[in-house]
Amino acid sequence: MTSDADTAHAHAHHWEWSWAPLWTVAGTFLLVPIAFSFYFVYDDLLLTAIAAGVGTVLTLAGIAKWVDEGLSETPLLAGVANIGLPIFILSEIFIFLSLFSSYWMMRLGIDAWPPEGTPHIVLWIPLVMTVVLVSSSVTAHIAEEKLEHGNLSGFNTWWIWTIVLGSVFLGFTVYEYAHLIGEGFIPSTNAYSTAFYTITGFHASHVLVGLGAFVAVLIPALGGRTNKTFVSCVSVYWHFVDIVWFFVVSQIYFW
């Protein structure tokens with residue numbers, strides 16, 4: 001028979017702590033603003049490599065710990081992810097909207113567009129990238145369906161295909177950047193180059209984050225552990241990144 005004291009103890013407030021969020025944020029901070037500053041502002045390759053290396057380790061360790069906690073511990077409040085994800089995506093929409101608004105103001109305020117110094121932009125590359133990214137959303141959806149029907153092996157297979165396609169997309173981004181930079185088209189060339197690298201680079205960073213989330217889900221799934229909430233959140237985020245790409249292509253490449 002349970003006493004009142006035992007019942008009170010069971011319902012007593014208890015603190016939950018984790019070093020995962022701190023390590024993830026610290027790693028991301030080192031990877032993005034710090035490493036970028038060392039490279040683009042101070043032109044120091046050694047400090048750039050150190051910041052990027054430490055940042056990568058911290059970020060991966062934090063994400064791995066976070067995923068492990070999500071798979072092994074019962075959340076204090078159920079359904080938080082389903083509420084938090086739309087709020088997060090809404091904030092991302094406003095960030096992208098601010099970037100596009102700046103681009104539209106520049107585009108409409110300059111008669112000769114693109115400005116002088118802009119090389120010929122090969123349009124077949126973004127078209128192929130669009131096909132690749134849309135295909136990755138399809139494979140992610142199929143993976144979800146496999147998991148919904150209890151087919152973990154099928155889920156892993158289609159999840160891996162999604163990672164491969166996302167990596168191919170980033171590969172095209174790197175190829176395009178290398179080609180344009182080789183022609184002297186850098187972020188400071190003109191107004192269009194600034195907008196081009198800012199918007200496409202910001203989108204590419206979201207693709208990179210999405211791939212990290214896919215890998216974070218895949219690793220425990222290969223060992224037979226998964227979480228439908230994690231899978232759903234990552235898929236919704238990926239579909240969002242896919243939709244944003246249509247705006248990037250139509251505005252940056254074809255307008």
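Coordinate-derived values only; no laboratory data. If you're wondering where the values come from, they're calculated on a predicted model, not measured in any experiment. Because the Cβ atoms are built from the backbone with ideal geometry, glycine has one as well, and the counts that use them run over all protein chains shown.
Using the Cα gyration tensor of the range 17-73, with a ≥ b ≥ c the square roots of its eigenvalues, what is the shape: rounded (a/c below 1.5), prolate (a/b larger than b/c) or oblate (neither)? It is prolate, given that a/c is not under 1.5 and a/b is the larger ratio. A simple spin-label model places the labels of residue 239 and residue 40 3.3 nm from each other, with each point 7 Å out along Cα-to-Cβ. The mean sequence distance of close C-alpha pairs (under 8 Å, at least 6 residues apart), as a share of the length of the chain, puts its relative contact order at 19 percent. Three principal axis extents describe the C-alpha atoms of the range 84-253; from largest down they are 57, 32, 20 Å.
In the range 179-231, the C-alpha radius of gyration followed by the widest Cα-Cα span (Dmax) gives 17.7, 51 angstrom. Each residue of the range 234-249 was assigned a 3J(HN,Hα) from its phi angle through the Karplus curve 6.51 cos²θ - 1.76 cosθ + 1.60 (θ = phi - 60°); the sequence is 5, 5, 4, 4, 5, 5, 4, 4, 5, 5, 4, 4, 4, 5, 4, 5 Hz, with glycine and proline shown as x. Label 7 Å along Cα→Cβ of residue 134; the range 226-248 residues with amide nitrogen under 16 Å? From the range 226-248, the list is 239-248. Measure nothing but the geometry: give the 0 to 90° angle between the long axis through the Cα atoms of 20-29 and the longest principal axis through the Cα atoms of the chain, rounded to 10°. The two axes meet at around 10 degrees.
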